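Accompanying notes for the structure given below.
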Amino acid sequence: MPTASPGLDPSAPWLQPAPVAQCAEIGLTPEQIPVVEVVGAPCSVAEVIALRSGRSVPLYGRGATRAEAVRALANLVRALGGDADPRGADYALGLALHPLAGPAPLRTAAQSVLDGTAPACAAQLALAYVRILGADDTLRERVARELVGPPTSTVEVSLALGVGGGDYGSFRDHYAVLVSSSERDELPVRVARAWFDFVLARRFAGLDTMQSFDVAALDPASHWLITSAEHVHGDLSARTRMAEIAERLLAPVGHLLPRLTGVVAREMAEIVQHPMRLRYQHLRCAAARDHAAVAIRAWLHAAIEGDHEGDEPIPGTEAMRLGPEPSRAGRAAMEARAAAGEFLLDWYVPEREARESLDRIARRVLRLYHRLRGVQALVAIERELRPSGSERSGYESLVWPTGAIR
């Protein structure tokens with residue numbers, strides 16, 4: 001039976017019995033619902049009820065130890081292994097945070113890393129875990145906010161918080177996070193910022209910036225992100241390069257997470273289809289953005305500046321003057337534009353059909369980018385956590401069966 005993690009209530013919330021009503025639906029008693037530490041492959045009905053009712057130990061629920069890190073790896077293997085449950089990834093994501101304990105175990109883990117009492121990879125693993133499983137913006141960012149502090153994960157935390165926005169259409173807000181990030185001068189953050197500039201803000205200077213980076217200095221996930229921007233630009237060879245980069249990234253963990261290859265291939269196919277149509281929509285957005293930006297700036301200038309005293313009105317234009325109400329609206333718009341660093345106007349595209357089409361692709365690109373960053377981190381983490389001897393604990397045997405270590 002699991003014990004409570006340090007810093008939490010000794011009566012750990014995942015030890016509470018499952019609701020009687022949920023158990024009655026499947027003909028079980030609360031005592032027959034197990035406490036889930038590693039998801040099943042496949043999951044039984046009782047395990048599904050346990051996950052839904054909070055009878056599951058979250059990441060680092062027992063403390064930030066190597067054993068808990070290995071348990072997280074075991075959940076990844078169960079969720080994306082060859083015999084995984086069809087909904088294994090969703091079930092494993094449910095173990096990232098507990099509905100009652102919340103982020104407290106992750107907060108404790110981050111502090112333990114800072115204190116030197118937990119493995120250095122503990123914070124990175126929690127972030128890689130939710131990324132690989134395809135967490136949405138809300139979950140990924142909630143996990144990342146609890147991992148601020150350990151120096152080994154600062155860049156990844158910045159990217160987890162700033163590279164997103166597709167789920168709720170808040171791309172501008174996420175770009176502002178990238179711009180204000182304490183790690184804004186790090187190369188992966190600069191790459192992400194330039195990608196936002198080109199793909200979402202339709203500034204072609206962003207593409208020039210990305211192409212100026214030294215490929216040899218880039219991590220594979222950042223290289224893949226740049227290549228996706230070149231695909232948006234209409235480079236027909238970019239989709240082949242994207243597949244090659246992803247394949248190289250997945251190769252070291254293919255034996256652990258065989259289903260991940262299929263997931264990445266499917267998401268890649270959704271991104272690279274119809275390249276010329278994507279190029280057309282991007283150019284259409286850029287043109288609409290430029291036209292709208294010029295028009296709105298002219299209106300804002302007129303609304304704020306008003307008439308100069310002594311100026312003679314142009315005959316026939318008296319009825320076209322902006323009154324006091326537009327002036328107040330103009331001042332409000334100027335404040336918003338200043339707060340957004342000129343991005344408010346640059347992202348305003350009245351061509352709704354083209355904008356939504358491009359934003360759907362951007363959302364898929366960012367989701368896959370985070371998967372690849374998670375895989376990239378997992379390669380080093382798995383190597384660090386490998387058992388040194390021939391003896392294996394129960395969870396170690398799931399991750400590293402005898403003779404399977406490469």
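The values are calculated or read from the model by the stated rules, or taken from the named source; none is laboratory data. Quantities reported herein were computed from a predicted structural model and do not represent experimental measurements. We place every Cβ from the backbone using ideal geometry, glycine too, and count neighbours over all the protein chains shown.
The set of residues from region 382-397 being buried (at least 17 other Cβ atoms within 10 Å of the Cβ) and either of a type in the set (F, W, Y) or within 27 Å of the chain's Cα centre (by Cα) (or both) comprises E382, L385, Y395.
Taking the listed residues R145, R172, R131, the one that is basic (K, R) and either free of Cβ contacts under 8 Å to residues at least 24 places away in the same chain or over 19 Å from Y60 (Cβ atoms) (or both) is R172, with no other qualifying. Filtered by the rule that a residue be small (G, A, S) and either over 22 Å from the mean Cα position of the chain (by Cα) or in a helix (DSSP H, G or I) (or both), region 220-262 gives A221, S222, S228, A229, G234, S237, A238, A243, A246, A251, G262.
R190 - would you say it is of a type outside the set (A, V, I, L, M), within 23 Å of A144 (Cα to Cα), in contact (Cβ under 8 Å) with a residue 24 or more places away in the chain and in contact with a Phe, Trp or Tyr (Cβ under 9 Å, 6 or more places away or on another chain)? Answer is no for this residue.
For region 118-147, the set of residues classified as polar (S, T, N, Q) and either out of contact with any helix residue (DSSP H, G or I) (no Cβ under 9 Å at 6 or more places or on another chain) or within 20 Å of R87 (Cα to Cα) (or both) consists of T138 only.
Taken as a whole, the structure leaves A41 outside the set of residues that are in a helix (DSSP H, G or I) and at negative phi. Residue check: Q22 meets all listed conditions (1) surrounded by 15 or more Cβ atoms within 10 Å (Cβ to Cβ); (2) at pLDDT 90 or above but one, namely (2). Having 3 or more residues that are in contact with a Leu (Cβ under 9 Å, 6 or more places away or on another chain) and over 16 Å from E37 (Cα atoms) is the bar; report the helices (runs of 4 or more DSSP H) wholly within region 62-171 that clear it. Per the criteria, 104-115, 122-132, 137-145, 154-162. One residue is enough: does region 367-381 have a residue meeting the conditions assigned by TED's automatic domain parsing to the domain that holds F196, farther than 30 Å from A201 by Cβ, part of a helix (DSSP H, G or I) and more than 20 Å from the chain's Cα centre (by Cα)? Looking through region 367-381, none of the residues is assigned by TED's automatic domain parsing to the domain that holds F196, farther than 30 Å from A201 by Cβ, part of a helix (DSSP H, G or I) and more than 20 Å from the chain's Cα centre (by Cα). If you check R202, R190 for being outside any helix (DSSP H, G or I) and of a type outside the set (G, A, S), only one passes: R202. Restricting region 212-246 to residues that are within 19 Å of E270 (Cα to Cα) and of a type in the set (S, T, Y), the residue that is surrounded by the fewest Cβ atoms within 10 Å (Cβ to Cβ) is S237.
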